[in-house]
């Protein structure tokens with residue numbers, strides 16, 4: 001293995017390849033699952049190329065992506081200690097619908113199930129995939145801290161969390177990484193979440209650094225969306241927005257041509273240049289795209305070129321939100337004091353229990 005530099009992730013001792021591999025699209029959300037044999041070959045090629053930071057989740061499939069990763073590691077004997085494996089919990093399917101859950105018992109059960117599917121003894125980095133705003137983050141973090149102490153996970157991460165949630169979680173147990181969507185056309189994290197993470201010494205893992213593939217081929221990507229590709233329902237990829245957004249791709253592509261690289265490499269290089277504490281995890285299902293993404297590490301950008309790129313593809317220029325309303329989880333979770341007061345009143349005056357329950361439910365419904 002050789003080629004991709006290493007970087008520190010967080011301040012607790014974790015080290016990963018400076019670019020990871022997002023594995024979601026191999027099994028879910030971007031069309032039908034790809035053949036296991038092809039994806040295992042892709043994962044092995046990534047490892048041989050020193051892309052050793054693999055990112056998955058129990059909701060990808062659901063479950064099948066973790067099983068795929070487990071098969072790939074088993075087929076590549078002796079490589080487990082050279083791989084940094086990140087998976088996630090916190091989103092589950094209930095009666096055909098996705099539900100966010102941060103319940104401690106669920107977190108533990110999800111962790112143990114992921115360990116079995118991945119066929120490993122310990123998860124290197126375990127993220128809460130989405131934040132359950134019905135619970136104080138301290139409640140979920142308390143259980144994750146126990147899982148660290150028991151040796152079932154090494155490091156804890158949060159995905160798509162608000163700045164206040166990150167700060168509160170970090171006070172319970174050090175957070176190693178915050179995963180968030182960050183790309184040329186997704187910049188909203190820069191105002192508060194990125195500064196908070198850096199203040200606390202938390203590294204940033206950027207998913208969808210190519211705008212969910214848009215900076216690879218622009219509107220051609222949309223034309224080739226297959227059955228089951230949920231991007232076709234995302235606001236930025238709707239027909240009324242794609243034509244406008246195509247002009248952004250064309251501008252980036254023109255600059256890339258002048259630089260002697262591809263548009264996707266230029267967009268990915270922009271993320272790499274955000275700082276030494278940023279690790280993008282572009283996903284792909286093709287070896288040639290993996291090689292192209294690795295090539296982005298060799299693209300150097302001056303301050304003037306960074307400014308030019310940002311002017312060509314500013315977040316304000318993009319048409320369409322990144323998600324439908326209601327899918328984000330940047331809303332702060334309940335304060336721990338809410339739970340403590342609730343319990344205290346119940347213990348002191350059982351006759352008020354019904355009233356307290358009604359008040360608590362009202363409080364939860366407004367979060």
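The values are calculated or read from the model by the stated rules, or taken from the named source; none is laboratory data. Remember, it's a predicted structure, so these values are computed and weren't measured experimentally. Heads up, the Cβs are rebuilt from the backbone with ideal geometry, glycines too, and the neighbour counts pull from every protein chain shown.
For residue 39, the criteria (1) crowded, with 20+ Cβ neighbours inside 10 Å; (2) touching a strand residue (DSSP E or B) at 6+ places or on another chain (Cβ under 8 Å); (3) touching a residue at least 60 places away in the same chain (Cβ under 8 Å) hold in every case but one, which is (2).
If you go through region 58-65 one residue at a time, do you hit one that is in a helix (DSSP H, G or I) and within 16 Å of residue 29 (Cα to Cα)? Talk me through it step by step, then tell me what you get.
Step one: of region 58-65, the residues in a helix (DSSP H, G or I) are 64-65.
Within this subset, residues satisfying the condition of being within 16 Å of residue 29 (Cα to Cα) are 64-65.
Yes; the residues of region 58-65 include at least one that is in a helix (DSSP H, G or I) and within 16 Å of residue 29 (Cα to Cα).
Counting only helices (runs of 4 or more DSSP H) that sit completely within region 147-217, those holding 2 or more residues that are in contact with a strand residue (DSSP E or B) (Cβ under 8 Å, 6 or more places away or on another chain) correspond to 163-172, 193-199.
Within this structure, residue 127 passes the test of being touching a strand residue (DSSP E or B) at 6+ places or on another chain (Cβ under 6 Å), surrounded by 23 or more Cβ atoms within 10 Å (Cβ to Cβ) and either more than 26 Å from residue 19 (Cβ to Cβ) or in contact (Cβ under 8 Å) with a residue 40 or more places away in the chain (or both).
Test residue 46 against the criterion of being in a helix (DSSP H, G or I), farther than 23 Å from residue 174 by Cα, in contact (Cβ under 8 Å) with a residue 60 or more places away in the chain and more than 17 Å from the chain's Cα centre (by Cα), and give yes or no. Explain how you work it out, then say what you get.
Details: in a helix (DSSP H, G or I): yes; farther than 23 Å from residue 174 by Cα: yes; in contact (Cβ under 8 Å) with a residue 60 or more places away in the chain: yes; more than 17 Å from the chain's Cα centre (by Cα): yes.
Answer is yes for this residue.
With respect to the conditions (1) closer than 19 Å to residue 115 by Cα; (2) at pLDDT below 95; (3) assigned to a strand (DSSP E or B), residue 78 falls short on a single one, namely (3). For region 21-36, filtering for residues that are assigned to a loop (DSSP other than H, G, I, E, B) and surrounded by fewer than 24 Cβ atoms within 10 Å (Cβ to Cβ) leaves 7. Within region 303-316, being closer than 14 Å to residue 183 by Cα and buried (at least 16 other Cβ atoms within 10 Å of the Cβ) holds for 309, 312, 313. Considering region 62-101, the residues that are under 18 Å from residue 132 (Cβ atoms) and touching a residue at least 40 places away in the same chain (Cβ under 8 Å) include one that is surrounded by the most Cβ atoms within 10 Å (Cβ to Cβ), namely 87. State all residues of region 269-303 that are more than 27 Å from residue 11 (Cα to Cα), in contact (Cβ under 8 Å) with a residue 40 or more places away in the chain and over 19 Å from the mean Cα position of the chain (by Cα); if no residue qualifies, say none. Answer for region 269-303, where residues must be more than 27 Å from residue 11 (Cα to Cα), in contact (Cβ under 8 Å) with a residue 40 or more places away in the chain and over 19 Å from the mean Cα position of the chain (by Cα): 286, 287, 289, 291, 299.
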